[in-house]
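Working notes, beginning with the structure itself.
We did not get these values from a lab; they are worked out from the coordinates using the rules stated. What you see is a predicted model, and the numbers here were worked out from it, not measured in a lab. Note that we place each Cβ from the backbone using ideal geometry, even for glycine, and neighbour counts take in every protein chain shown.
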């Protein structure tokens with residue numbers, strides 16, 4: 001059988017060859033502990049600082065605003081626990097990933113509703129804000145539909161709320177965090193333009209190494225430490241630094257940003273072609289989520305009554321790798337909170353498939369996969 | 001100049017070529033998210049589980065007792081926070097690493113004293129135990145002197161204390177944790193023989209990848225989660241798994257255990273040779289810590305009034321990389337808690353150097369380094 005066609009870039013991305021190349025020396029001759037005193041270790045420290053600087057400037061931030069973490073989940077945990085006390089009120093989007101919902105459950109959390117297209121509007125956030133709300137967290141784009149959220153508009157709303165609080169003598173601060181793991185390389189990540197205070201990014205979602213992430217923390221925000229110890233990452237997150245991982249992350253993010261326009265256009269064209277093939281051949285198929293505000297590589301569809309899991313296994317046998325939704329949720333057999341949030345019935349949610357395209361997806365892949373997907377859905381739908 | 005002689009293996013170890021080889025496929029063709037449903041991802045899940053199994057059996061544990069973490073500091077944090085409530089009393093050794101002291105400071109902590117040789121005796125632990133003590137944490141060996149602690153004897157004491165508590169109707173559990181990061185590959189790590197409930201290991205200290213570690217948790221111990229989210233690592237520590245890192249860690253630990261006897265003997269002989277050279281040439285030099293209960297690669301010496309930092313820089317210029325102590329502490333200019341704990345005066349502590357030998361240290365290295373170290377100390381001592 002030929003190489004499988006991978007259409008699950010939202011779950012994992014392969015390490016870019018350009019990234020691997022810059023990481024490799026830090027596994028071998030540059031293995032030094034960056035806190036050691038000799039020149040070779042100081043060189044490694046300098047390389048690490050330089051990578052941190054490049055990560056920061058890639059998103060319009062400053063080097064000292066970057067906290068390196070072991071992936072997105074830890075970054076989100078640091079943001080929430082760094083800011084909040086146990087009784088604090090917070091608002092998160094109804095379509096947030098488990099990484100956000102998990103830590104949010106430790107606080108007084110209210111979900112901002114999604115509309116039927118998967119969009120969390122400023123109005124929906126405003127409806128659940130109280131004078132006690134200390135943190136709002138909305139992903140830049142969710143991982144299942146790939147719907148891109150109006151962060152700048154929500155930020156503008158939160159700015160008004162802050163001014164109104166100040167006017168009324170209410171001192172509770174209001175922070176805005178966004179998990180942009182899924183959106184890196186597809187949207188403008190400039191933190192000032194997004195209007196946020198804290199940003200989570202994940203190297204593993206943009207062709208960088210696994211278990212490498214960051215939290216960007218605007219300089220006016222003071223966090224409590226998540227992991228005390230040797231005092232690395234300004235004491236917020238101790239542990240000998242992952243030099244190879246950080247160097248690789250910086251390269252991966254730079255590549256993603258540099259290629260953003262051309263690659264988004266290319267992937268969007270292929271995704272639209274796949275969508276056309278599917279909806280033309282299967283008139284009852286519904287495309288989930290906003291088709292206007294959507295990551296270029298995402299396509300999420302439902303067919304009422306379809307057993308999507310069976311389609312995934314059938315397609316796998318045919319050499320096409322797709323998902324029913326977020327990998328960590330799919331693995332546990334729980335129904336997607338995202339599909340429920342946009343109002344899908346259980347039988348529509350259970351009949352949904354996520355296709356996510358990426359850097360190695362070709363025209364030939366999409367042509368072949370399109371036909372195989374249509375056949376698989378037809379076969380399972382008529383069983 | 002020729003390749004520098006690296007004598008700081010306690011700070012960082014280079015990635016073993018045998019480890020890199022098994023990791024590499026998981027960066028490229030096996031990059032899949034192990035929670036995805038298709039066969040290729042399930043294969044990755046199987047490889048991950050198998051590596052977890054090998055990590056467990058390497059220390060005499062079971063697969064389900066292993067929690068993979070991003071290094072030792074996180075592992076220690078998970079152990080402490082997973083067991084303890086904020087007001088709990090705990091006991092840690094006076095020579096513990098910052099990774100333990102950092103999280104310990106969040107609780108009611110008492111330090112078990114070290115003797116002048118760096119040994120934390122069962123008596124010293126017994127002296128500070130109360131009926132409220134919930135956790136005792138003693139490193140298998142400290143990172144500065146490399147003194148190996150009598151864990152099995154301390155475990156026997158704690159067993160008596162538990163039985164005594166039970167007899168008196170006291171229900172407070174008493175757990176025994178050990179950070180064995182520094183000792184992996186040099187001592188017997190079998191958890192039942194050590195008599196512990198929780199064990200921390202770090203891949204980066206045994207020629208494995210950086211930011212990869214584990215917490216072994218005996219099946220009778222129930223932990224609270226450290227990082228909630230997607231539910232990986234049985235919900236204790238969420239985040240897409242570091243497959244390459246885990247595969248590499250398993251290989252690194254297996255190599256370390258397999259080569260333990262031969263490599264310990266080889267390194268010990270070289271270390272003893274270096275020690276002989278130094279104490280013969282420099283009669284006022286004091287060897288710190290137990291010379292009997294010591295990791296084979298460690299040598300820590302002091303000369304009263306010496307500016308050890310200057311020696312480090314001088315030796316670096318001569319092509320010998322050594323340390324004054326733990327890298328994270330040295331970097332902050334704070335005096336070593338280990339040297340203070342064994343009763344060294346400030347001028348002795350500031351005049352101390354740590355040499356740590358490892359897998360790539362050769363006879364020629366030690367011969368050349370010995371002379372260079374003697375010259376450097378002589379030069380600085382007479383300034």
- Item | Label-point separation in nm, residue B:42 to residue B:313, each point 7 Å along Cα→Cβ | 6.1 nm
- Efficiency of FRET between residue A:364 and residue A:18 - r from beta-carbon atoms, R0 30 angstrom, step 0.05: 0.80
- Message: 7 Å from Cα along Cα→Cβ at both residue A:347 and residue B:153: what's the point-to-point distance in nm?
- Response: 7.3 nm
- Note on the structure: Everything considered on the Cα gyration tensor (a ≥ b ≥ c; rounded for a/c under 1.5, else prolate if a/b is larger than b/c, else oblate), the protein assembly as shown must be described as prolate
- Exam field: residue A:367 pseudo-label spacings to other copies (7 Å along Cα-Cβ), nanometres: 6.8
- The distance between the Cα centres of the stretch B:125-150 and the stretch B:285-324, in whole Å, is 25 Å
- Output field shielding_mean for A:5-17 (other chain Cβ, 10 Å radius) holds 4
- Message: Measuring from the axis that superposes chain A on chain B, report the chain A residue with the minimal C-beta distance, rounded to whole Å.
- Response: A:70, 2
- Message: Need one number: % antiparallel among DSSP beta bridges in chain B, to the nearest 5.
- Response: 50 percent
- Listing B:270, A:236 by rising number of other beta-carbon atoms within 10 angstrom, fewest first, gives A:236, B:270
- Query: Which peptide among B:256-266, A:176-186, B:75-85, B:108-118 comes first, and what is the full order, when sorted by highest mean count of other Cβ atoms within 10 Å?
  - Reply: A:176-186, B:75-85, B:108-118, B:256-266
- Within the stretch B:356-383, whose backbone N sits under 18 Å from a point 7 Å along Cα→Cβ of residue B:259? B:356-366
- Message: Looking at chain A as a GNM with Cα springs under 10 Å, which of A:104, A:140, A:126 has the largest mean-square fluctuation?
- Response: A:126
- Item | Cα gyration tensor shape of chain A, rounded if a/c is under 1.5, else prolate or oblate by comparing a/b with b/c | oblate
- Task: Springs between alpha-carbon atoms under 10 Å, Gaussian network over chain B: tell me which of B:103, B:312, B:279 tops the mean-square fluctuations.
- Result: B:279
- Task: Run through the other copies and list how far each one's label point is from that of residue A:152, in nm with one decimal, shortest first; the point sits 7 Å from Cα along Cα-Cβ.
- Result: 6.8
- Tensor-based shape of the stretch A:1-140 (alpha-carbon gyration tensor, a/c under 1.5 rounded, otherwise prolate or oblate): oblate
- Note on the structure: Under the helix-only model (-39500 (n - 2.57) for each DSSP H run of 4 or more, divided by the residues of chain A), the mean residue ellipticity at 222 nm, to 500 deg cm²/dmol, is -12000 deg cm²/dmol
- Task: Take peptide A:233-246, look around each residue's Cβ out to 10 angstrom, count Cβ atoms belonging to other protein chains, and average those counts.
- Result: 5
- Can you give me the relative contact order of chain B as a percent, contacts being Cα pairs under 8 Å and 6 or more apart? 23 percent
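Taking every residue in B:69-80, how many Cβ atoms of other protein chains lie within 10 Å of its Cβ, on average?
Counting Cβ atoms of other protein chains within 10 Å of each residue's Cβ and averaging gives 5.
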- Message: Please report the antiparallel percentage of the DSSP beta bridges confined to the protein assembly as shown, to the nearest 5.
- Response: 50 percent
- Note on the structure: From the Cα centre of the stretch B:364-383 to that of the stretch B:39-87, the distance in Å is 43 Å
- Placing a label point 7 Å from Cα toward Cβ, how far apart in nm is residue A:222 from its equivalents in the other copies, listed shortest first to one decimal? 3.8
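Sort A:238-246, A:34-42 by the packing proxy (mean of other Cβ within 10 Å over each peptide's residues), most packed first.
Details: A:238-246: 26.9, A:34-42: 20.7.
Result, highest mean first: A:238-246, A:34-42.
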- Query: Given springs between every Cα pair under 10 Å in a Gaussian network model of chain A, which of A:161, A:191, A:19 has the largest fluctuation?
  - Reply: A:161
